[in-house]
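The structure appears right after this line, and notes come after that.
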Ligand SMILES: Cc1cc2nc3c(=O)[nH]c(=O)nc-3n(C[C@H](O)[C@H](O)[C@H](O)COP(=O)(O)OP(=O)(O)OC[C@H]3O[C@@H](n4cnc5c(N)ncnc54)[C@H](O)[C@@H]3O)c2cc1C
Ligand SMILES: Nc1ncnc2c1ncn2[C@@H]1O[C@H](COP(=O)(O)O)[C@@H](O)[C@H]1O
């Protein structure tokens, strides 16, 4: 299957040829040919100003009865007995969508002996209903228990949209929910909206963030997305009213195939990259393992984490769990400070979603300056100690 | 033990971008590479083969040229390879991909353990592994950095989470998705290169897999891309110059103004 060219509309201008990432388009003398290399990515469709290229329709196959599905759900995540902030963010984003569609917003809370305050907290962040499931098997996260309970709830109550945080929990079990329900799922969205037809518009980065794509799920229900943490804005609605509904689980739902043997929380606060608001990252420019102490000092002062380029990890200066980038962690803190790292594309894809990016590098042509919101061309060994002194001074 | 590894050939993202001036996709020099996470997956499987003996089969769903990717991992020591290729597979989303891969795993028949990468770097979805496990109705663990044998029926896997690590007991058959710490991929060896060159790689299409054209490719997909565009360009870039003291002052007030916590 491949994109289709409408010969009546095509002017053979040739613009599409240059945009095809797979070199599948050949512009001839009198026609435009699309080869089997076509992956239906839709890039050409968007560029053609004559509307001459289209994609075949997606499957209407095992579609759901759309009218039966109603309302927006947020999977409410908690850690150490408190609502995780990604759930606040999701409720903020979902509140806007629910108001636009004039439907109810519900939060689903799974756990065991959770504090009552959690449900109230979810309501104060925008939920109209909190579905609460309490069971010993939900005290610890496993893919199967969480997914199978959520699937059961969805089958019974039929929400139209389901959102979850793109955290290590959400990204792990939500695909099982989608596959069990036979519906589509879009990962790691950074923007959500409702289309004129009422569909969820799910926008996310692709190709390492070089391209943005908006995705819809026209026939499957619920429309499901995981949403990148720290992107959406939470709302604080202290007056908002809602209700809590305890839900009993269907008998025999737990498979118990997997067992959690041990949970080892990260002790080193500077290694908690995905949670951190501030990350101070270093690369080969640090020159020696001991010099990471400079970054650790600033990270501790600012209550942040320490990141690293693969360059620094390969030198053995810091543990691989600190690596940011394509083969490391993807992070999006408020402040990302890149010190003595060049900003190779494989590094940049892991941090370009950060709100503020400060680059400290002595080479003014280093590619990191292309993504930095604030560039500092300086020798890190002169600049960093002076900057740390300044931060300390201001504290006093 | 029979281990299957799912690998994907992806465009090397470093060359994929939209030209900020013409708004068109720059495709100059876009080469295909094996998804880096899938090489960690191959390495994980080969380590088990080295330590306790196992047959490792690698599979990929993709266009005919994805055969190159299979030959490359054969040259690193994988035993067998299967290419899943059919015009009908084009345009697959993660559901349709998982559907196709699940049919191929069933056709292999005796698979005890499946390795996937944590995610493919073209889409970064990280969904195919868990969806594949769900369709095969086997347990799975994501973001695995270490795998050990617990007893005859169970594996002990260590997985990286946002807040630390977790150790899970996983009965086989099972699927895991792996991260970098699984191990740096070994290089191709001369012996395996020779073998890879001559290897006959079977190609399975929808008929071989007993699939319906409506369940695969674009037809079998639930999600649809409606718009592709260039990320908004940052308009808020500044450069700080002057003496070190001046730069320090400027950066400090910049961060203060932006209300960065901690300054
Ligand atoms: C498949 C694949 C996956 C990869 N995945 C990742 C990944 O996940 N994460 C990642 O980071 N990389 C990744 N890489 C590697 C990446 O391409 C780069 O090689 C790596 O990021 C470079 O590390 P670096 O910036 O520390 O080193 P370099 O590129 O050597 O940069 C060092 C920088 O420090 C500066 N510097 C030196 N001395 C000073 C000084 N005194 N003061 C100030 N500045 C100074 C220099 O100007 C230079 O810009 C990957 C590569 C491949 C092929
Ligand atoms: N077309 C494919 N063929 C084989 N394996 C795939 C394919 N697509 C994805 N995978 C596997 O699924 C993992 C996750 O991919 P994704 O969900 O696309 O991020 C990859 O690392 C591969 O192991």
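No value in this document is a laboratory result; all are computed from the given coordinates. Worth saying up front: this structure is predicted, and the values here are computed from it rather than measured. No Cβ is skipped: glycine too gets one built from the backbone with ideal geometry, and neighbour counts run over all protein chains shown.
Annotation: the residues A:132, B:108, A:273, A:163, sorted from fewest to most other C-beta atoms within 10 Å of their own C-beta, follow the order B:108, A:132, A:273, A:163. Among beta bridges from DSSP that stay inside the protein assembly as shown, the antiparallel ones total about 40%.
Who wins for biggest fluctuation among A:383, A:75, A:22 in a Gaussian network model of chain A, springs between alpha carbons below 10 Å? Looking only at A:383, A:75, A:22, the largest GNM fluctuation is found for A:22.
Mean residue ellipticity at 222 nm, helices only, the protein assembly as shown: -8000 deg cm²/dmol; runs of at least 4 DSSP H residues each add -39,500 (n - 2.57), and the sum is divided by the number of residues.
Dividing the mean sequence gap of close Cα pairs (under 8 Å, 6+ apart) by how many residues chain A holds gives a relative contact order of 11 percent. Between residue A:112 and residue A:8, what's the calculated FRET efficiency when r is the beta-carbon distance and R0 is 51 Å? Round to 0.05. FRET efficiency, residue A:112 to residue A:8: 0.20. As a proxy for reagent exposure, B:180, B:47, A:272 were ordered by neighbouring Cβ count within 10 angstrom, fewest first; the result is B:47, A:272, B:180. So, in nm, how far is label residue B:252 from label residue B:31 when the simple model puts each one 7 Å beyond its Cα toward the Cβ? Between residue B:252 and residue B:31, the simple spin-label model gives 4.8 nm. Across peptide B:131-142, the mean count of Cβ atoms from other chains lying within 10 Å of each residue's own Cβ comes to 5. With a Förster radius of 51 Å applied to the C-beta separation of residue A:288 and residue B:193, the computed FRET efficiency comes to 0.85.
First check a/c for region A:132-190, with a ≥ b ≥ c the square roots of the eigenvalues of its C-alpha gyration tensor; if it is under 1.5, answer rounded, and if not, answer prolate when a/b is larger than b/c or oblate otherwise. Oblate shape, in that a/c is at least 1.5 and b/c is the bigger or equal ratio. Using a simple spin-label model with pseudo-atoms 7 Å out from Cα toward Cβ, residue B:203 and residue B:245 lie 7.2 nm apart. Here's the picture: a label point sits 7 Å out from the Cα of residue A:70 along the beta-carbon direction, and within region A:158-198 the residues with their amide nitrogen under 13 Å of it are A:158-160. For the protein assembly as shown, what does the alpha-carbon gyration tensor say about shape, rounded, prolate or oblate, given a ≥ b ≥ c as the root eigenvalues, a/c under 1.5 as rounded, and a/b over b/c as prolate? Rounded, because the longest to shortest axis ratio a/c is under 1.5.
Mean partner shielding of peptide A:379-385, defined as the number of other chain Cβ atoms within 10 Å of each residue Cβ, is 2. With chain B treated as a Gaussian network of Cα nodes joined by springs under 10 Å, which of B:54, B:69, B:96 yields the largest mean-square fluctuation? Residue with maximal mean-square fluctuation among B:54, B:69, B:96: B:54.
Distance from the C-alpha centroid of region A:301-337 to that of region A:71-140: 31 Å, rounded to the whole angstrom. Here the Gaussian network model covers chain A, with springs between Cα atoms less than 10 Å apart; of A:42, A:139, A:353, A:42 fluctuates the most. Classified by the C-alpha gyration tensor, region B:2-215 has a rounded form. Its axis ratio a/c, with a ≥ b ≥ c, is below 1.5. Report the FRET efficiency, 1/(1 + (r/R0)^6), for residue A:80 and residue A:30, where r is their Cβ-Cβ distance and R0 is 56 Å, rounded to 0.05. Rounded to the nearest 0.05, the efficiency is 0.25.
Using the alpha-carbon atoms, what tilt in degrees (0 to 90, nearest 10) does helix B:244-257 show relative to the longest principal axis of chain B? Once rounded, the angle reads 70 degrees. Modelled spin-label separation between residue A:262 and residue A:104, with each label point placed 7 Å from Cα along the Cα-to-Cβ direction: 4.5 nm. Relative to the longest principal axis of the Cα atoms of chain B, helix B:94-108 runs at roughly 30 degrees.
Mean per-residue shielding of peptide A:164-176 is 5, counting Cβ atoms of other chains within 10 Å of each Cβ. Ranking of A:288, B:159, A:96, A:255 by neighbouring Cβ atoms within 10 Å, starting from the fewest: A:288, A:255, A:96, B:159.
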